[in-house]
Amino acid sequence: MIGNRRPEDMERITTPELAEAFIENAVKELQEQIGDGKVLLALSGGVDSSVVAALLIKAVGDRLVCVHVNHGLLRKGEPEQVVKVFREELGANLIYVDASERFLDLLKDVSDPETKRKIIGSEFINVFAEEAKKLEGISYLGQGTIYPDILESEKGIKAHHNVGGLPEELNFELVEPVKLLYKDEVRVVGRALGLPDSMVDRQPFPGPGLGVRCVGAITKDRLEAVRESDAILREEFAKNGLSGKVWQYFTIVPDFKTTGIKDGERSFEWPVVIRAVNSIDATSAEIEEIPWALLHHITDRITHEVKGVNRVLYDLTPKPTGTIEWE
Ligand code: XMP
């Protein structure tokens, strides 16, 4: 599988058998490319990097070093799941870096969304590069580039580096075993590699994570309200058969408070906004019709279980005019 073009006759990977054949071939090619070298991979826990990690573990074992950077803006349970699946179940050589405090310090009092994104992106590179420099003998960098990334970078829409901006002096050769696959194929391959459904079917999650859902300047307590309400929404969607049906769903906590009543007393607390959209490629999105009774139940849980929240809203705005995220 040489070059950046998907061969015309390449069959779409839709079955476990086709995935097995792909895996066998990919492992062979990885072993040829890497020889007895060492590979570094930023493992976010997203589908693409997880599949690349699982392929590389098969191909080079502990000559793969995975780095999972927790920027403090991940969803509830996510860093724990990455450690459990990759270190404990797949035996990966995994470095877990809890950099939460570092990110939150840098983001303190920063309310502009694009500035927040830039800080999160560049600090991620800093943390990753620091870890890379501590390691010896690494000459390859694994990347979860997929075919749409290649096509978009050819059209000049975006650069396809997932960890773009790494210092030149690190001088890595790229290893991109899923670069000719579409997302649905990556999922089929992930399943064949034994990754859990919750990882393989994971909804899209932005690099800046919950940081763009904690509107305005991020505070620890409001971030916790985003994380806890998101966990309730995901749990209820899963229980009610919606997680495979809705493309992206999450909660947002704005940076203002409203008046309410709790336990017979006036409360002055944040609202939580629920967003649930369907989309093909995120360029436009439609609102998913969530059953009314379920929305009532989720509202009841969020207002009773999430600290500092007294109100729940449902965002009915398609894209356009709204974007999917609030920031
Ligand atoms: P918007 O909000 O632009 O989102 O309609 C479209 C899709 O992109 C995701 N998104 C991001 N992903 N870094 C990312 O990696 C970002 O800064 C970012 N902003 C939005 C969003 O979750 C949605 O799937």
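Nothing in this text is a laboratory measurement; each read-out follows from the coordinates by a stated rule. Everything quoted here is computed from the prediction, not taken from an experiment. We place every Cβ from the backbone using ideal geometry, glycine too, and count neighbours over all the protein chains shown.
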Normalised by the residues of the stretch 248-311, what does the relative contact order come to in percent, with Cα pairs under 8 Å and at least six apart? 35
Quick one: among 21, 192, 225, which has the greatest mean-square fluctuation in a GNM of the chain with alpha-carbon springs under 10 angstrom? 21
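Quick one: work out the % antiparallel among DSSP beta bridges in the stretch 208-300, nearest 5. Walk me through the numbers on the way to the answer.
Working: 12 of 13 bridges.
The answer is about 90 percent antiparallel.
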So what J values fall out for the stretch 38-43 if you push phi through Karplus, 6.51 cos²θ - 1.76 cosθ + 1.60 with θ = phi - 60°, rounded to Hz, Gly and Pro as x? 10, 10, 10, 9, 7, 9
Work from the charge dipole of the stretch 1-67 (Cβ charges, +1 for Lys and Arg, -1 for Asp and Glu, about the Cα centre) and give the residue of 56, 44, 19 farthest towards its positive end. 44
Spin-label model distance (nm) - residue 280 vs residue 258, 7 Å beyond Cα toward Cβ: 3.5
How long is the gain from residue 317 to residue 240 if the chain were fully straight, where each residue apart is worth 0.36 nm and the alpha carbon distance is subtracted? 25.4 nm
Among 65, 119, 217 the positive-end extreme of the charge dipole of the chain (Cβ point charges): 217
Relative to the Cα centre, what is the charge dipole magnitude of the chain, using +1 at the beta carbon of each Lys and Arg, -1 at the beta carbon of each Asp and Glu, and rounding to the nearest 20 debye? 600
